[in-house]
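Here's the structure, in structure tokens; my notes come after.
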Amino acid sequence: MKYSLAILKPDCLQRRLSEKIIGVIKNNGFQIIFMKQLRLNKNDVEYVYADCLLEEWFALFAEFMTSSDSLILVVKHEESDAIAKLNELVGPTDPQKADYSSIRSMGENIRRNLIHSAKDEKSFWREFIYFFGHRKN
């Protein structure tokens, strides 16, 4: 799969790290194919994170994700599996467990970890169709 999807979360934009993170993504062989800035609503967050709806932390996470704008990116990598490559570059959910070279190493905590990336091909297509097909801006 040559494509993947990322969401630069509100903390990324609030801390003015979006240009830096996009630079890291591009410097690792990715091209930005589509980019859309928008403020996610509760339905968006519930759709993307449907497998987490019953978690005790979800309400606070949804509040954070809807607090201000996010940046939705579709990226392409010609030479490797874009989903696996981007997930490796993003790093683990917890910034304290992230390698210093990963994007999430710049995050503050598990909730404010700067970026979401599609976990697999099914998630990519689900999120891509939602944000670039069905969702009205």
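No lab work stands behind these numbers, since they all come straight from the coordinates. All of these numbers come straight from a predicted model, not from anything done at the bench. Note: ideal-geometry Cβ built from the backbone for every residue, glycine included; neighbour counts use all protein chains shown.
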Item to complete: Can you find, among L8, A98, F61, the residue farthest towards the positive end of the dipole of segment 3-134? Put +1 on the C-beta of Lys and Arg, -1 on that of Asp and Glu.
Response: L8
Item to complete: Starting from the Cα of K26, draw a straight line to each of the lysines and keep only those under 22 Å, dropping any in the same chain fewer than 8 residues away.
Response: K2, K9, K36, K76, K85, K119
Discussion item. On a straight-distance basis, which lysines could pair with K97 in a cross-link, Cα separation under 16 angstrom, same-chain partners fewer than 8 positions away excluded?
Written reply: none
Response to the item:
Which of (1) 14.8, 48; (2) 13.8, 40; (3) 14.4, 44 is the computed Rg and Dmax of the Cα atoms in Å? It is (2)
Worksheet item: Among the aspartates and glutamates, which fall within straight-line cross-link reach of K122, defined as a Cα-Cα distance under 19 Å, with same-chain neighbours fewer than 8 residues apart omitted?
Response: D44, E46, D51, D81, E88
